[in-house]
1. Hey, with R₀ at 30 Å, roughly what FRET efficiency would D192 and T171 work out to, going by the Cβ-Cβ distance, to 0.05?
2. Taking the alpha-carbon centroid of each part, what is the distance from the stretch 1-59 to the stretch 205-232 in angstrom?
3. For S238, enumerate residues with amide H under 5 Å from its amide H, sequence gap 5+ or separate chain, H modeled in the peptide plane.
4. Using a Cα-Cα cut-off of under 26 Å, which lysines could be cross-linked to K141, ignoring same-chain neighbours fewer than 8 residues away?
5. Note down the magnitude of the dipole of the chain about its Cα centre, charges +1 on Lys and Arg C-beta and -1 on Asp and Glu C-beta and zero elsewhere, to the nearest 20 debye.
6. How high is the relative contact order of the stretch 151-252, given as a whole-number percent (alpha carbon pairs under 8 Å, six or more residues apart)?
7. Rounded, prolate or oblate: pick one for the stretch 112-252, where a ≥ b ≥ c are the square roots of the eigenvalues of its C-alpha gyration tensor, a/c under 1.5 means rounded, and failing that, prolate if a/b is larger than b/c, else oblate.
8. Report, ordered by chain and residue number, the lysines lying within cross-link reach of K60, taken as a straight Cα distance under 16 Å and ignoring same-chain residues fewer than 8 apart.
Amino acid sequence: MLYLVEHFYSIQGEGRYLGTPSLFFRFGGCNMKCEGFGCREIAEDGAEVLGCDTVYAVNKEHFSHAWIEIDSAQQLLNIFDLYDLPTGVDVVLTGGEPLIYANDEIFVEFLEKMVANNHRITFETNGTIAVDFEKYPVYKKCVFALSVKLENSAEPLSKRVRGGVINSIATNAKDAFFKFSIDEDSINMALDDEIEQITEHAPQTDVYCMPLGGNKADVEKNTLALIEYCKNKGYNFSDRLHIRIWDENKGV
């Protein structure tokens, strides 16, 4: 079953297309928990859930009220009519982890119809789920933001880094770039080695580094040290513009 958690029209807050007006589709479900990020969300049942800043799109047990079952591609395409959008507006597919639905027939049909309507599609993915580019060539027309998780996610290395998947996506996609979430405390020699071990699977792929944080205060706390790190390493600094502007508010 395909689940959509939310949709909203805003600006892209991260990565290569920062500031670009984009229609976001946030899908439910993920193959990771990333509890090391330390973001806490209070569910309607009062439970405090730990994970990433979109834990409500990861944890169905406590946030099922927000998960909408999708039974047709048209159900998703109808969402375009809810907004006053420019022609060919950018579309961002995020989560959770949207590629858990990579082989879903409804999902693939949705992609094909968006590409036919000249939308640029960007996947925000952790880069661990293989995409069958030959069976589903529509993926070759998409952009992939490879948000490969670092040690600060508290996920094991064997789970969060899959070199073959990273290489396949970077090689076959229309475009791809790395996007890492980094906190001030993680900036050390070990971080250098960790990023280099990941990027060696796609050495020609640009690197963007973002300050870790699920709220404005945490993002600002981690920003200055990260800017200096990017200057020293030659990486691109990416703000998290949506958090800096709207803080913890969702769907904006």
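1. Working: r = 25 Å, r/R0 = 0.82.
The calculated FRET efficiency here is 0.75.
2. A separation of 19 Å, based on Cα centres.
3. It is C209, M210, by chain and number.
4. Correct list for K141: K113, K149, K174, K179.
5. Working: 23 positive and 40 negative charges, 130 e Å.
My answer is approximately 620 debye.
6. Numbers: 118 pairs, mean separation 26.2, N = 102.
Relative CO of the stretch 151-252 lands at 26 percent.
7. Values: a/c = 2.05, a/b = 1.34, b/c = 1.53.
It is oblate, given that a/c is not under 1.5 and a/b is not larger than b/c.
8. Those lysines meeting the cut-off are K33.
We did not get these values from a lab; they are worked out from the coordinates using the rules stated. Computed from a prediction, not measured in an experiment: that's the story for all the values here. Every residue, glycine as well, gets a Cβ built from its backbone with ideal geometry; the counts of neighbours run over all protein chains shown.
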